[in-house]
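Undergrad: Before I ask anything, let me first share the structure, which is written out below as structure tokens.
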Amino acid sequence: MMTVPLLDLKAQYAALRPQIRAAIDRVCESQHFILGPEVAALEEEVAAFCGARFAVGMSSGTDALLAALMAIGVGPGDEVITTCYSFFATAGVIARVGARPVFVDIDPQTFNLDAEAVRVRATPRTKAILPVHLFGRCAEMDPLLAVAQEHGLYVIEDAAQAIGARDEHGRQAGTIGHIGCFSFFPSKNLGAFGDGGMAVTNDAALAETLRVLRVHGGKPKYYHHVVGGNFRLDALQAAVLRVKLPYLPAWTAARRQNAQRYRALFAEAGLLQTVLLPAESPGHIYNQFVVRLPERDRLQVFLRDRGIETEVYYPRPLHLQECFRELGYRPGDFPQAEAAAREALALPVYPELTEAQQRYVVRQIRDFYQQ
Ligand SMILES: *Cc1c(COP(=O)(O)O)cnc(C)c1O
């Protein structure tokens, strides 16, 4: 039996071991662990990579989002419009600053928030729109930017899964709205050796505010006009990420090639009536290759028994999470997201995946539906 993990970070590490060890050694010898030259260098490199003027290293993608909402002054009484189909942090940060998450349904083709639905949800209390570029595909930004302009709203991009992704105009994820937030969680396309994140912006004042918020709001040190947090990126993480960043375009190309190969293999296997493949777009970086199919849970067990690891992103939409009960949402409010939660399954698509492994995955899926 072949084994196909969802992600193979050991293979990636094996290819980079000497460089990464050297980078870690460099930090150990310097004993400079908090911010400092490694973080500053990574910030410059990420800013250059994604074409943003400023980048601010953060302790995680979640903290980058939290700091972004703090930087634009979201607080109690405010509303932030976002998708109901994402990783929890997207909505969690809105609640944590005391604001109200206002959810919209998704476009079933892209899993991203339904841009038309956003307009209807804008009220005088709305402060920001928080689109997510889910699975590495950019959300449709033009309608959101239009609504934001009309109502004077901020746009904060949750680009945690989308570093290097581009939208239909070639704009890079994270640089289209006012602030974009990346995550370096190990399973993201650019993964650290622990938690890490970054906020990018073209606005000098917002960049400065993010930098101050990152150190408890102290400026100068020990003098606080605002309450921030400890949102700093580690020098060790920055050093590791600096080794990995130059490889990101090649890894993205490999993920895209794997996605194309799945398309050919699913077509060859006659499965296109059964398995709904993710909508392709040239800027999609396939952090996840998420298909929709019937009998998802049974298939997942079937694949697991045959050595194939898959994941359900996400089994419960955000509007139906227990912690948001007081918001008053009900099952049926967002039928597209609720259907996706029942049908979506992420297949392995990581760069080192081989053609033989992909053929094996598709053959097992075909066998499941032919039983
Ligand atoms: C991973 C992720 C986050 C949070 O990033 P962390 O670095 O894990 O804190 C936020 N939003 C989305 C969509 C994510 O996938």
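The values are calculated or read from the model by the stated rules, or taken from the named source; none is laboratory data. Nothing here was measured: the structure is a model prediction, and the numbers come from that model. Counting neighbours? That spans all protein chains shown, and the Cβs are built from the backbone with ideal geometry, glycine included. Surface areas here come from the heavy atoms of the whole protein model, side chains and all, with no ligands, DNA or RNA. Shrake-Rupley method; radii C 1.70, N 1.55, O 1.52, S 1.80 Å.
Undergrad: Rank 223, 369, 314 by accessible area, highest first, at a 1.4 Å probe radius?
TA: Highest to lowest solvent-accessible surface, that is 223, 369, 314.
Undergrad: Given 277, 289, 245, which one lies farthest toward the positive end of the charge dipole of the stretch 228-335, if we put +1 on the Cβ of every Lys and Arg and -1 on the Cβ of every Asp and Glu?
TA: Working it through, the farthest residue towards the positive pole turns out to be 245.
Undergrad: Give me the distance between the Cα centres of the stretch 115-132 and the stretch 317-371, rounded to whole Å.
TA: With the stretch 115-132 and the stretch 317-371 each reduced to a Cα centre, they are spaced 26 Å.
Undergrad: Which one of 117, 265, 317 is farthest out on the positive end of the charge dipole of the chain, using unit charges on Cβ (Lys, Arg +1; Asp, Glu -1) and the Cα centre as origin?
TA: The Cα lying farthest towards the positive end belongs to 265.
Undergrad: Inverting the mean 1/r over all pairs of different Cα atoms, compute the Kirkwood radius of the stretch 182-254 and quote it in Å. Provide the component values of the computation, followed by the final result.
TA: Values: mean 1/r = 0.0728 Å⁻¹.
When all Cα pairs of the stretch 182-254 are included, the Kirkwood radius is 13.7 Å.
Undergrad: Once you list every other residue whose beta carbon is under 9 Å from the beta carbon of residue 142, what net charge do they have if Lys and Arg are +1 and Asp and Glu are -1?
TA: On the way: positive: none; negative: 140, 167, 168.
For residues surrounding residue 142, the net value is -3.
Undergrad: So what's Rg/Rh here for the stretch 247-369, counting alpha carbon atoms and using the Kirkwood radius for Rh? Can you show the working numbers first?
TA: Values: Rg = 15.9 Å, Rh = 15.6 Å.
Reported Rg/Rh (Cα atoms, Kirkwood Rh): 1.02.
Undergrad: A further question follows. Would you calculate the volume per residue, in Å³, of the smallest convex hull containing every Cα atom of the stretch 1-119? Provide the component values of the computation, followed by the final result.
TA: Working: hull volume 23.1 nm³, N = 119.
Once divided by residue count, the hull of the stretch 1-119 is 194 Å³.
Undergrad: Pick from 107, 167, 25: which is most flexible by mean-square fluctuation in a GNM of the chain where alpha carbon atoms under 10 Å apart are linked?
TA: Answer for the Gaussian network model of the chain: 25.
Undergrad: Tell me, how many Å apart are the Cα centres for the stretch 48-97 and for the stretch 225-257?
TA: With the stretch 48-97 and the stretch 225-257 each reduced to a Cα centre, they are spaced 17 Å.
Undergrad: Oh, and also: So what's the stretch 223-317 giving for Rg/Rh, alpha carbon basis, Kirkwood Rh from the mean inverse pair distance?
TA: Numbers: Rg = 19.5 Å, Rh = 17.1 Å.
Computed over Cα atoms, the ratio is 1.14.
Undergrad: If you bin every alpha carbon distance in the stretch 71-169 into 5 Å steps from zero, what whole percent lands in each bin?
TA: 2, 15, 26, 26, 20, 8, 2, 0
Undergrad: How large is the helix-only mean residue ellipticity at 222 nm for the chain, computed as the sum of -39500 (n - 2.57) over DSSP H runs with n ≥ 4, divided by its residue count, in deg cm²/dmol to the nearest 500? Walk me through the numbers on the way to the answer.
TA: Values: 12 runs with 149 residues, N = 371.
-12500 deg cm²/dmol, from helical runs alone.
Undergrad: Quick one: putting +1 on the C-beta of Lys and Arg, -1 on the C-beta of Asp and Glu, what dipole do you get for the chain around its Cα centre, in Debye to the nearest 20?
TA: Charge dipole of the chain: 520 debye, to the nearest 20.
Undergrad: Counting C-alpha atoms alone, how compact is the stretch 9-246: give Rg to one decimal and Dmax as a whole number, in angstrom.
TA: Every Cα atom of the stretch 9-246 included, Rg and Dmax give 17.5, 56 Å.
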